[in-house]
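Shown next, in structure tokens, is the structure this report addresses.
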Amino acid sequence: MTPQLLDILRQLSHVDFRSGEEVARRLRISRASVHNAVQEAEALGLRVQAVRGRGYRLARPVSWLDAALFSPELSACGVRSQLVPVLDSTNSHLMALAQSSAPHKLLVAAEWQGKGRGRRGRAWLAGLGGGLMFSLLWRFNRPAGELSGLSLVVGLGLAQVLRELGLHRAGVKWPNDIVVGEAKLAGVLIELAGDMLGPSTAIIGVGVNVLGAESLRGAVEQPVTDLSEHLSERGLDRNVLLREMVLRLNAYLERFDAEGFAPFRQDWEALHMHQNQIVQVFDARGGVVAGRALGVDDSGALLLASERGPLRFHSGEVSLRGGA
Ligand code: BTN
């Protein structure tokens, strides 16, 4: 996806058909570029309807992000927003800006990521208009070594917003997936810059599946879902989602910086999908331990009552024992 292709797709994202000639004229490009763009769009999995004598249109119009619909309320609480249509990754982009003294509370959202990244080196995939992808730069007063509960606070805030928007079954999976039942709805990728002792900088990346989970099912290992499987059209407005999520993160991150994870612990456990369930935890070295998930401690570590006695995990992956 290039910025020009995205511009062409905006022209075709309408109920009415538009001729190649009209699109070319509006964007001051050649008709051949429009024709090529249609082919490229199809190669990216977008369905373009073409009718002789009428032109083209996207089979499913995209509901675009619009900074005017989220940035005023965000700037009122000090968050500066950048909407960049096409990027490799909002996290990578913001990480580069962080190194050249980007301000605290800078938000970057994108319509399309060419190299979206997930945790553990996985890719993060989303079709055009099908995902909400953003990253927020936060400069903490506490050192990076004291940010262990951060990803849980972020997951909690996102899940609560989704519940308030009507997705009452949204929950959290340790450490920071947002799930409905066993299916993943959203993920968080936090990357830290700066040293372990002084004030620290975090790039907090969030990806939410809004539409099109069916096309992700072949490509990702775990069960996935999207908002359209749970909410009506009104709940799928990415501008509202973005605004509400960032407002909540802003409030929670300020409190987390001052007080740490402890004040969030009870609320997190209330939304914990595996609370008191028998689970297995896969650690980073390939080991696996089964036990009852008791919740988390004040640093966000997972507490497990295992046959070997009580265990505490600072990293790892959890799944329901015998589950998906
Ligand atoms: C996960 O593996 O669950 C984390 C997924 C995080 C994806 C988001 S999309 C916006 C931001 N930019 C990226 O490249 N990744 C994060």
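The values are calculated or read from the model by the stated rules, or taken from the named source; none is laboratory data. The shown structure was predicted, so the numbers you read here are calculated from the model rather than taken from an experiment. Every residue, glycine among them, receives a Cβ derived from its backbone with ideal geometry; neighbour counts consider all protein chains shown. Ligands, DNA and RNA are stripped out before the accessible areas are found, and what is left, the full protein with its side chains, is counted by its heavy atoms. Shrake-Rupley method; radii C 1.70, N 1.55, O 1.52, S 1.80 Å.
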task = Exactly one condition in (1) of a type outside the set (A, V, I, L, M); (2) assigned to a helix (DSSP H, G or I); (3) more than 30 Å from residue 133 (Cα to Cα) is not met by residue 263; state its number.
result = (3)
Residue list for segment 265-286, restricted to those being among the polar types (S, T, N, Q) and in contact with a Phe, Trp or Tyr (Cβ under 9 Å, 6 or more places away or on another chain) = none
ask   = Which of the residues that make up segment 100-128 are in a loop (DSSP other than H, G, I, E, B), modelled with pLDDT of 90 or more and more than 12 Å from the ligand (Cβ to nearest atom)?
value = 102, 103, 104, 105
query = Counting only residues that are without any contact (Cβ under 8 Å) to a residue 24 or more places away in the chain and part of a helix (DSSP H, G or I), how many does segment 39-66 have?
reply = 3
note = Sole miss for residue 8 among (1) within 23 Å of residue 126 (Cβ to Cβ); (2) open to solvent by 40 Å² or more (accessible area, probe 1.4 Å) is condition (2)
ask   = Within segment 276-289, how many residues turn out to be closer than 16 Å to residue 179 by Cβ and either open to solvent by 70 Å² or more (accessible area, probe 1.4 Å) or in the same structural domain as residue 158 (by TED's automatic domain parsing) (or both)?
value = 1
message = Going by what's in this entry, would residue 92 be described as within 16 Å of the ligand (Cβ to nearest atom) and open to solvent by less than 30 Å² (accessible area, probe 1.4 Å)?
response = no
query = Among the residues of segment 151-160, is any within 15 Å of the ligand (Cβ to nearest atom), assigned to a helix (DSSP H, G or I), in contact (Cβ under 8 Å) with a residue 60 or more places away in the chain and open to solvent by 10 Å² or more (accessible area, probe 1.4 Å)?
reply = yes
query = Picking from 253, 247, 231, which residue would you name as being open to solvent by less than 10 Å² (accessible area, probe 1.4 Å) and of a type outside the set (Gly, Ala, Ser)?
reply = 253
